[in-house]
Amino acid sequence: MPGGEDAAAEENGASPLAGDGSRRRRKPRRKGKVLIIVGLSLIVAGLLGLAGVYSYIYYTDRKAAYAQDELSKRWEEEPASSEEGDVSVGDGIARILAPGIGLDAIVVELWGLDDADNLKRGPGHIPGTAYPGQPGNMVISGHRTTYGAPFRHIEQLSAGDEIIIMTADNRYVYEVYEQRIVLPSDLTVLEQTGEPKLTLTACHPWYSAAQRIVVIARLVEDEVK
């Protein structure tokens, strides 16, 4: 014999089990709400992560721009000569221009391959490699994604493109003839040869240090100012 609630349900033309079915139908809705909340949380977390990345890039770009402004002011007052002379770590030793990729920066003297601090100020000349216009291989490293990313579009440099190195007394024009991808452990890019040439290196691909992109150019013009 049905109880009071069941009897009332029957009087209204409803099955005594209708309430149970209604409760069962609510469970998927609750799960759906949970999934929506989780999805929205993941989207918000992703957006916050992207905002953090862009904020970091913006911060490093501003820091590098300030450093380059300071180096440029010193360069305008007293540019470095083509001779090695008394080059100190952190000094601006040359101005590098690559019209094909919009590159125009002061090259900083590094103390070694691991000089991350000075590399944040601009493209860095690796000590032990040739200086502008001199016989041998002049090697310059630069960032591609942070700290102004002076070498951001280095992959666009192709055979025949010009890279110009300016000093106080000379203008050196190098012509690109090779581009390749190597491992970070490959130090052959630092090898010195009799031929005056220029090697640019940067991390590859973007936002990764898994490999290095290398652009090599030979000296084709030496103009005294």
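Just to be sure before I move on: is E70 farther than 18 Å from V189 by Cα and over 23 Å from the mean Cα position of the chain (by Cα) in the structure I sent?
So E70 does not fit the description; no.
Look through the range 100-132, keep the residues that are part of a strand (DSSP E or B) and without any contact (Cβ under 8 Å) to a residue 24 or more places away in the chain, and return whichever of them is farthest from F151 (Cα to Cα). If you could, list the steps in order and put the result at the bottom.
Step one: of the range 100-132, the residues part of a strand (DSSP E or B) are 103-109, 124-125.
Going one step further and asking which of them are without any contact (Cβ under 8 Å) to a residue 24 or more places away in the chain, we end up with 104, 109, 124.
Working: D104: 10, E109: 17, G124: 11 Å.
Filtering the range 100-132 for residues that are part of a strand (DSSP E or B) and without any contact (Cβ under 8 Å) to a residue 24 or more places away in the chain, the one farthest from F151 (Cα to Cα) comes out as E109.
Please tell me if G124 is of a type outside the set (F, W, Y), buried (at least 19 other Cβ atoms within 10 Å of the Cβ) and farther than 20 Å from Q211 by Cα.
Working: of a type outside the set (F, W, Y): yes; buried (at least 19 other Cβ atoms within 10 Å of the Cβ): yes; farther than 20 Å from Q211 by Cα: no.
So G124 does not fit the description; no.
Kindly evaluate R62 against the criterion of being among the basic types (K, R), at pLDDT below 95, surrounded by fewer than 16 Cβ atoms within 10 Å (Cβ to Cβ) and within 21 Å of the chain's Cα centre (by Cα). Lay out the reasoning, then the answer.
Numbers: among the basic types (K, R): yes; at pLDDT below 95: yes; surrounded by fewer than 16 Cβ atoms within 10 Å (Cβ to Cβ): yes; within 21 Å of the chain's Cα centre (by Cα): yes.
The answer is yes for R62.
Of the residues that make up the range 88-102, is at least one small (G, A, S) and under 16 Å from the mean Cα position of the chain (by Cα)? Talk me through it step by step, then tell me what you get.
Just the residues of the range 88-102 that are small (G, A, S), to begin with: 88, 90, 92, 94, 98, 100, 102.
Still in the running and under 16 Å from the mean Cα position of the chain (by Cα): 102.
Yes, the range 88-102 contains at least one residue that is small (G, A, S) and under 16 Å from the mean Cα position of the chain (by Cα).
Where in the range 137-211 are the strands (runs of 3 or more DSSP E), entirely inside, with at least 1 residues that are closer than 20 Å to E109 by Cβ and of a type in the set (S, T, Y)?
Details: elements: 137-141, 162-166, 170-182, 197-204.
Of the strands (runs of 3 or more DSSP E) lying wholly inside the range 137-211, those with at least 1 residues that are closer than 20 Å to E109 by Cβ and of a type in the set (S, T, Y) span 137-141, 170-182, 197-204.
The values are calculated or read from the model by the stated rules, or taken from the named source; none is laboratory data. Being a predicted model, the structure only gives us computed values, none of them experimental. Please note: Cβ atoms are built from the backbone with ideal geometry, for glycine as well, and neighbour counts cover all protein chains shown.
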